[in-house]
Amino acid sequence: MHHRYDVLVVGAGGAGLMAALYASKNKNVSVAVLSKLYPTRSHTGAAQGGVGAALGNVSEDHWEWHMFDTVKGGDYLTDQDAAEIFAKDIIEAVYELEHMGLPFSRLPNGKIAQRKFGGHTKEFGKAAVERACYAVDRTGHMILQTLYQQSVKAGVTFFNEYQVLDLIIEDGVCRGVVAYELATGEVHTYHAKAVIIATGGYGRAFKVTSNALSLTGDLMSIYYRKGLPLEDMEFYQFHPTGIAKMGILITEGARGEGGILRNDSGERFMERYAPTIKDLAPRDMVSRAIYMEIREGRGLGKDKDYVNLDLTHLPREIIEGRLPDITDFARTYLGVDPVTAPIPIQPTAHYAMGGIPTSIDGEALLDESGQTVRGLYAAGEVACVSLHGANRLGTNSLGDLIVFGRRAGVAAAKYAAGAEYAPLPVRADAAARAEIERLKSGSGGENAAKIRKELQETMMDNVSVFRTEETMSRQVEILKELKERYTRVSVQDTGMKYNTELMEAMELGYLLDVSEAMTYSALNRKESRGAHAREDYPDRDDEGWLKHTMAFRDLAAPGKVNIRYKPVVLGRFEPKPRVY
Amino acid sequence: MIRAKRFEDARAQAGSNSELAWWVFMRISGVALVFLVLGHIYMTFLMASEKDTQVFDVVVNKLSQPVWKLYDLLILALALLHGVNGARYSIEDYIRNKPDRFWVKAVFYSVVALIFVFGALGLFIISPEMLRD
Amino acid sequence: MYRGREGQWAFVLHRLSGLAILAYLLLHVVSISLILFGEEAYNRLHHLYDLWPFRIGLILVTAGVLYHAFNGLRIAIMDFTGKGVAIQRQLWYGVMAITILGTLATIIVVMPRVVQGV
Amino acid sequence: MQVTLKIHRFNPEKDQKPYWAEYQVEAEPGDRVLDLLNHVKWYLDPTLTYRRSCAHGVCGSDAMLINGRNRLACKVLIKDLGNKITVEPIRGLKVEKDLLVDMDPFFDAYKAVLPFFINDDPVPAGERLQSVEDRERFDQGTKCILCAACTTSCPIFWVNGRYLGPAAIVQAHRFIFDSRDKGTDQRLKVLNQNTGVWRCRTAYNCTEACPREIPVTQLIEEVKRAVLYQQV
Ligand SMILES: Cc1cc2nc3c(=O)[nH]c(=O)nc-3n(C[C@H](O)[C@H](O)[C@H](O)COP(=O)(O)OP(=O)(O)OC[C@H]3O[C@@H](n4cnc5c(N)ncnc54)[C@H](O)[C@@H]3O)c2cc1C
Ligand code: HEM
Ligand code: SF4
Ligand code: F3S
Ligand code: FES
């Protein structure tokens, strides 16, 4: 089937809905949203802790401080133009969410409640500051719900459970997308003037992750397969506090409320790693600290492979009142009551700092020179503006969705209002159909699930918190082998209706490709910065590496990845050593 | 494709208060019926217990008194109204097809109305003259 | 069968008992109204009621009325007090207790007559 | 431990009618039912179809009828079920394939209660103020993840699909009792209909089923009273 909309949004998480809402405020354009999940199932709903904005409701705060923290938290790889826009805009954006009815928790004076979060400080690093605006411990859920509610109110058109399989890009102009309707197995072609990609992250490349089963890097990979660049893929955040083995997230808000990390002897080990802000240090540092403790034999459990998050010294009302959901997680999945016992935790794959490179208006970049793919936009976790640099601060992702989702929506609508439909190539859906056919008729007998499992385990072993030349080179070889096996995957369900097996097999293909971009980028960067910690290059090297990685798949030479670089936008804040 | 239902669409659906009224009525009549019905049963038991063979007399005797006439008429009216509305809930729940629902309701209401008339007449016609002896 | 708890069974029983009482009531009215056609007709039918299946039936109707009446009060308490919802289970057990006791009492009164087979 | 997993299956493209399929699966006591389903799908029978995403009870994808009760497959552990587990699709919505049902009627009911913030007053420069107590008043309903476990456990909804259902009422409650919202009137009017709150027979299955521990019936009762007070 054939459809035509001026602006198409792919993905209905926080970024996608924000973009759709703002694009549809422009009355000159028609807008539709495609999502492989019902909008309210998007993983933005899992975000717990809060959205950072310098409202100063609890104590004095300024956008400059927020900007500084973001830049420093990103280990100075953050583009400072983006950080400045972000720190300023997010304040008014949070008020706007409140005006849309978002049920923020409140202070006794009726204002939006705020709490401390990792890496957020006052006066450029002096002490932790209450900056995370929260709605109990389900801030992301409330953002997702509120934005969806507003979309319902505005009458936005949704195509739910449509999985996008291809972007139609020719001569540097995006002309639409190809999507697979899960309910019927039909392949649809969407003709559009502007497409906004907001499909979130790809945590499922790892074994232990806080991410949903559906976060498989689809559109990042589709972009990359066209020979277009992915930026800063080596920077992948491991959140320090995932429930041991399961990866389910325990929000940093737990430490914001006073939770403490302890090793086997009960020692508050973060005092040794970040004397000033201790447990509220940025995530990369805390995750490394936990790994160090575990390596040095100070972990707990029979494999000594986790540490404890201790809330037991906090009053029951704080735990149950401000962190009810995570209390429930601990009780449900571990049988541990955080009021009386510490929670076993372990770093968990959490957030992609890298992704589709964009301008500050969300335009997708064609290469390192700043040229854009006309009519193509990206926002949210899938994109890299680069606000988060080498390491994202907690609460800055929700802010990113809101601020840059909105900018992308506005920019795309404005562009579409003034543009003509670029003609569609004949049989624009041919590639997608061929891929479906290949998987359905495959007879190689490889099981997609087994390949995925191996991918996740090896990525976890070789490209996680600590990396070395050796582990990553090994992973490069493993990926080659897995990709070869992937060509022999055969899908057993040949039906049309709700063929989830087919879609899972597709998703595995995407995971393999983003893993490739990530591993090559990481292998290439010979320094340690933010979330990218190399044991063979333990120091940050601003001389050689204060630059963004742009990884291109070489379309002429299969299996080859070309790395180029894009300069970091500096400004207000000079790169300094990062100590807390 | 799903098109979000608009604000205006939903507003247009708003209608009458009758469901609320019935809801309240079910509760109030229910509470009243507790006393009426239990009273009725208790009374019948007491009065008819040992003199089984003369049930007819007992009943006629009782129903000849205007107070009891009224009492029983009230039970009859309230219970039927309450019961019929209760049965309507069930009809609306279990009969999915709209035309069927309409017919079932129509027939059901008519039958009950007929029985009510019948019962009310019965109550009023009873008089002491009907007693033997 | 859905493994619902007290509330589900309270509802199912309420509905069944309500419909049963309604059926009984309609029958009851018809039979009493036979008075219109004189004692002969009235008594002929009413002797039928002395047969044991009708006696047992009467016990069931009594049980139904008791249950429906007290559960109806439980519903009204939940609806109007705002506190009732929290103790709905306890209320329901109370309703069941009253129903069972009341039914036992009825049995004690009616059974001898059934046994004597009047 | 060895678990016998019985799944109610139906593929409209192949099967005349639904049937039960049985699988023997090796599981840890701490595993979720979703882990078992995934195991079956990935290694035993890839055609098994169901929805899932977050895997920790926050996205609302995988409400199912598990051992006779509505649960999220990702939020119920094997150790709480024993080694015989039956899984069926939730009731009252059309089964599309295996455990996956048509959710459209559910979302239509949701949309009918105006599930969005309504207040056309000019906005202040900062946030609208709201006291801690006023915020608390509607907190319960904000937890809802629209999983439909409640609506599809309701004996009224099973037989009468026109009933808006508890989930929609919970959503309405969230706005009706929000001190900032001005749309209460219209919302209550929608709920004051034959298909609205008055269809609820206080069966409490919804409350028992809610994975977010929302006291659903209590909220419905509050809405009933709100309609009552509004109209008298
Ligand atoms: C457990 C957890 C807790 C978090 N807590 C916080 C926090 O407290 N504060 C904070 O700032 N950040 C937090 N984050 C990070 C933040 O929530 C995410 O980065 C952010 O929500 C991503 O939003 P998104 O809109 O980019 O994507 P998502 O919300 O993931 O949405 C992706 C959308 O894309 C759609 N999609 C994907 N692929 C396709 C395809 N092929 N075709 C069609 N549609 C597709 C999906 O259906 C979905 O609608 C947390 C993340 C996790 C995992
Ligand atoms: C004795 C005192 C009675 C009380 C306190 C009572 C109370 C109630 C209440 C409160 C309801 C509403 C239930 C709900 O909305 O969930 C109800 C329903 C009903 N009642 Fe009664 N009632 C009584 C007697 C009767 C009698 C005598 C009859 C029969 C004639 C009857 C038949 C019904 C029926 C059929 C329903 C509908 C049940 C349903 O929809 O599930 N009731 N009753
Ligand atoms: S109220 Fe509870 S059961 Fe119902 S949809 Fe919401 S979360 Fe699910
Ligand atoms: S189960 Fe149904 S009847 Fe009411 S209390 Fe819940 S909605
Ligand atoms: S998979 Fe998200 S709720 Fe179960």
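Coordinate-derived values only; no laboratory data. Keep in mind that this is a model prediction, so the values were computed, not measured. Note that each Cβ is placed from the backbone with ideal geometry, even for glycine, and that neighbours are counted across all protein chains shown.
How much of the DSSP bridge set in chain A is antiparallel, in percent, rounded to the nearest 5?
Details: 49 of 75 bridges.
Antiparallel: roughly 65 percent of the beta bridges in chain A.
Please work out the ratio of the alpha-carbon Rg of segment A:324-455 to 2.2 N^0.38 Å and round it to two decimals.
Numbers: Rg = 21.7 Å, N = 132, 2.2 N^0.38 = 14.1 Å.
That ratio works out to 1.54.
How high is the FRET efficiency from residue C:41 to residue C:16, r the C-beta distance, R0 41 Å, rounded to 0.05?
Numbers: r = 31 Å, r/R0 = 0.77.
E between residue C:41 and residue C:16, to the nearest 0.05, is 0.85.
What percent of all Cα-Cα pairs in segment D:133-176 falls into each 10 Å bin, going from 0 up to the bin containing the maximum distance?
Per 10 Å bin, starting at zero, the Cα-Cα P(r) for segment D:133-176 comes out as 29, 46, 21, 4 percent.
Two decimals is fine: what's Rg over Rh for chain D, C-alpha atoms, Kirkwood radius as Rh?
Values: Rg = 19.8 Å, Rh = 19.0 Å.
In chain D, Rg relative to Rh is 1.04.
Per the Kirkwood definition applied to all pairs of different Cα atoms, how many angstroms is the hydrodynamic radius of segment D:104-231? Provide the component values of the computation, followed by the final result.
Details: mean 1/r = 0.0675 Å⁻¹.
It is 14.8 Å.
Go through B:98/D:17; A:207/D:97; A:453/D:79; A:207/A:302; A:111/D:75 and tell me which ones have a Cα-Cα distance over 31 Å in this structure.
Numbers: B:98/D:17 27 Å; A:207/D:97 29 Å; A:453/D:79 25 Å; A:207/A:302 20 Å; A:111/D:75 34 Å.
In this structure, A:111/D:75 exceed 31 Å between Cα atoms.
Rank D:127, D:213, D:26 by mean-square fluctuation in a GNM of chain D with C-alpha springs under 10 angstrom and give only the top-ranked residue.
Of D:127, D:213, D:26, the Gaussian network model singles out D:127 as fluctuating most.
List the GluC sites (Glu not before Pro) in segment A:395-504 that DSSP assigns to loop (not H, G, I, E or B) and whose Cβ has at most 11 other Cβ atoms within 10 Å. Which are they? Before the final figure, lay out each step's value.
Numbers: sites: A:420, A:435, A:437, A:446, A:454, A:457, A:469, A:470, A:477, A:481, A:484, A:501, A:504; in loops: A:420.
In loop regions of segment A:395-504 (DSSP not H, G, I, E or B), the sparsely surrounded GluC sites (Glu not before Pro) are A:420.
How big is segment D:12-85 by Rg and Dmax over its Cα atoms, in Å?
Here Rg and the maximum Cα pair distance are 12.6, 36 Å.
Cut-off is 10 Å between beta-carbons; in what order do A:287, A:30 appear when sorted fewest neighbours first? Walk me through the intermediate numbers first.
On the way: A:287 27, A:30 17.
Fewest-to-most ranking of A:287, A:30: A:30, A:287.
Which of D:207, D:152, D:195 moves the most in a Gaussian network model of chain D with Cα springs under 10 Å?
Looking only at D:207, D:152, D:195, the biggest GNM fluctuation is shown by D:195.
In a GNM of chain D with a 10 Å cut-off on Cα contacts, which of D:136, D:13, D:28 has the highest mean-square fluctuation?
D:13
With N denoting the number of residues in segment A:430-547, provide Rg(C-alpha) divided by 2.2 N^0.38 Å, to two decimal places.
My calculation over the Cα atoms of segment A:430-547 gives 1.30.
Can you tell me the dipole magnitude for segment A:241-348 around its Cα centre, using point charges on the Cβ only (Lys, Arg +1; Asp, Glu -1), in Debye to the nearest 20? Kindly include the intermediate steps, with their values, before the conclusion.
Details: 15 positive and 17 negative charges, 52 e Å.
Its charge dipole is roughly 240 debye.
Would you work out the charge dipole size for segment C:6-116 about its Cα centre, treating the Cβ of every Lys and Arg as +1 and the Cβ of every Asp and Glu as -1, and quote it to the nearest 20 debye? Before the final figure, lay out each step's value.
On the way: 7 positive and 5 negative charges, 62 e Å.
Roughly 300 debye, rounded to the nearest 20.
How are the Cα pair distances of the protein assembly as shown distributed, in percent, across 10 Å bins from 0?
Reading the bins upward from 0: 2, 10, 18, 21, 18, 11, 7, 5, 4, 2, 1, 0, 0.
Using the Karplus equation 6.51 cos²θ - 1.76 cosθ + 1.60 (θ = phi - 60°), what ³J(HN,Hα) coupling, rounded to whole Hz, does each residue of segment D:22-30 give in order, writing x for Gly and Pro?
10, 10, 9, 10, 8, 9, 8, x, x
Determine the calculated [θ] at 222 nm for chain A from helices alone, applying -39500 (n - 2.57) to every DSSP H run no shorter than 4 residues and normalising by the residue count; nearest 500 deg cm²/dmol.
Numbers: 16 runs with 196 residues, N = 580.
So the calculated ellipticity at 222 nm is -10500 deg cm²/dmol.
Please list, by residue number, every one of the trypsin sites (Lys or Arg not before Pro) in segment A:478-508 that is coil in DSSP and has at most 15 other beta-carbon atoms within 10 Å.
For trypsin sites (Lys or Arg not before Pro) across segment A:478-508 that sit outside H, G, I, E and B with at most 15 neighbouring Cβ atoms in 10 Å, the list reads A:488.
If each of residue A:302 and residue A:107 carries a label point 7 Å out from its Cα toward its Cβ, how far apart are those two points in nm?
Each label point is offset 7 Å from its Cα along the Cβ direction, giving 5.0 nm.
Of A:101, A:113, A:462, whose Cα points farthest to the positive end of the dipole of chain A (charges on the beta-carbon: +1 Lys, Arg; -1 Asp, Glu; origin at the Cα centre)?
Of A:101, A:113, A:462, it is A:101.
Roughly what % of DSSP beta bridges within the protein assembly as shown run antiparallel, to the nearest 5?
On the way: 68 of 98 bridges.
Just about 70 percent of them are antiparallel.
Could you work out Rg/(2.2 N^0.38 Å) for chain A, with Rg from alpha carbons only?
Rg over 2.2 N^0.38 Å, computed on Cα atoms: 0.91.
Calculate the dipole size of segment A:430-547 relative to its Cα centre from +1 charges on Lys and Arg beta carbons and -1 charges on Asp and Glu beta carbons; express the result in debye to the nearest 20.
Details: 19 positive and 24 negative charges, 90 e Å.
It works out to roughly 440 debye.
So what is the relative contact order of chain D, in percent, for Cα pairs below 8 Å that sit 6 or more residues apart?
On the way: 399 pairs, mean separation 42.4, N = 232.
Once normalised by length, the contact order is 18 percent.
Could you check what % of the DSSP bridge pairs in chain D are antiparallel, to the nearest 5? It would help to have the intermediate numbers written out before the result.
Details: 17 of 21 bridges.
DSSP beta bridges in chain D are roughly 80 percent antiparallel.
Along the charge dipole of the protein assembly as shown, Cβ charges K/R +1 and D/E -1, which of B:114, A:80, A:567 sits furthest on the positive end?
Positive-most Cα among the choices belongs to B:114.
What FRET efficiency would be calculated for the residue pair residue B:108, residue D:16, taking the C-beta separation as r and a Förster radius of 30 Å, to the nearest 0.05? The partial results should precede the final answer.
Working: r = 37 Å, r/R0 = 1.23.
That pair, residue B:108 with residue D:16, gives E of 0.20.
Just to verify a number: FRET efficiency for residue A:484 and residue A:536, C-beta to C-beta distance, R0 = 25 Å, to 0.05? Could you put the intermediate results ahead of the total?
On the way: r = 28 Å, r/R0 = 1.13.
For R0 = 25 Å, the calculated efficiency reads 0.35.
Once you list every other residue whose beta carbon is under 12 Å from the beta carbon of residue D:196, what net charge do they have if Lys and Arg are +1 and Asp and Glu are -1? Before the final figure, lay out each step's value.
On the way: positive: D:162, D:187, D:189, D:199, D:224; negative: B:19.
Here the charged neighbours net out to +4.
So how do A:25, D:41, D:14 line up by other beta-carbon neighbours within 10 Å, fewest first? Let's see the in-between values first.
On the way: A:25 14, D:41 21, D:14 10.
Fewest-to-most ranking of A:25, D:41, D:14: D:14, A:25, D:41.
With an 8 Å cut-off on Cα pairs and a minimum separation of 6 or more residues, tell me the relative contact order of chain C in percent.
Numbers: 75 pairs, mean separation 38.2, N = 118.
Result for chain C is 32 percent.
Among A:137, A:171, B:72, D:139, what is the fewest-to-most ranking by other Cβ atoms within 10 Å? Could the numbers behind the result be given before it?
Working: A:137 26, A:171 8, B:72 22, D:139 16.
Listing A:137, A:171, B:72, D:139 from fewest to most nearby Cβ atoms yields A:171, D:139, B:72, A:137.
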